[in-house]
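First the structure, in the form of structure tokens, and then the observations on it.
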Amino acid sequence: MTIEGPYAEIFNLAKPYLQTRQNEIHTRIAYSFALRLLQAEGGDEAVVLPAVILHDVGWKSVPEDLLLRAFGPGKIDWEINKIHEAEGARIARLILEEVHYDERLTEQIVEIIRGHDSREKALSLNDAIVKDADKLWRFSPQALEIDPKRFAVDALAHAEWLGLQIEKWFFTGTAGMLAREEQRLRVVALKKARESHRLPG
């Protein structure tokens, strides 16, 4: 997914902060989901798209040895996780100021980033779309390559676990629908791959 147009400069400034935890590819895929959610649900792309680009820049401030304690299936250290939210909000503001982004929109973007993982309720439709796009990444083919290795779990079991999270994770109807379809495709593909390895040949 190429990020072009008015948000390319923001993405280019964010890139150095995304070189940890596979965050550049995560951001690109979350951005592509955000575009689909905006089209279906509405929302303000001038808030949503910069927020999606910048939401994880704060992970660069978390020491590598602490990263896997801060996220993952069933093992989230919220104190560490909140560091990336606070640092992400700070870095996002600096980047948006550097590109002379609208101050009113900047405040909304920074507030979304400040609670994009830990806040249980969405502040607005824009916040809901950012949260949903972020989570939808986990259902992508790329995430199903990366995450099982990262968390040392079986890929098919992880894909099936993701299916159990859909009802509680997503705020918009479109995101729930996309998650169900993506999860179904991942499970089918993983089962086929597993079966092909069992066949004599």
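The values are calculated or read from the model by the stated rules, or taken from the named source; none is laboratory data. These numbers were taken from a predicted model, which means no experiment stands behind them. Cβ placement follows ideal geometry from the backbone for every residue including glycine, while neighbour counts extend to all protein chains displayed.
For region 81-123: of the residues being of a type in the set (Gly, Ala, Ser) and either at positive phi or assigned to a helix (DSSP H, G or I) (or both), which is surrounded by the most Cβ atoms within 10 Å (Cβ to Cβ)? Only one residue tops the list, namely Ala92. Checking Ser118, Ser196, Ser124, Ser140 one by one, the residue that is in contact with a Gly (Cβ under 9 Å, 6 or more places away or on another chain) and of a type in the set (Gly, Ala, Ser) is Ser124 and no other.
For the structure I just gave you, tell me whether Ile129 is in contact with a Gly (Cβ under 9 Å, 6 or more places away or on another chain) and either surrounded by 21 or more Cβ atoms within 10 Å (Cβ to Cβ) or not in a helix (DSSP H, G or I) (or both). Judged against the criteria, Ile129 is a match. Among the residues making up region 145-161, those that are free of Cβ contacts under 8 Å to residues at least 24 places away in the same chain and either at positive phi or of a type in the set (A, V, I, L, M) (or both) are Ala152, Ala157.
Here Leu66, Leu54, Leu35 are screened, and the one residue that is hydrophobic (A, V, I, L, M, F, W, C) and more than 17 Å from the chain's Cα centre (by Cα) is Leu66. Checking each residue in region 147-183 for being among the basic types (Lys, Arg) and under 21 Å from Ala40 (Cα atoms) picks out Lys168, Arg180. Pairs linking a residue in region 17-31 that is of a type in the set (Gly, Ala, Ser) to a residue that is part of a helix (DSSP H, G or I) and modelled with pLDDT under 95, with Cβ atoms under 6 Å and 6 or more positions apart or on different chains, do not occur.
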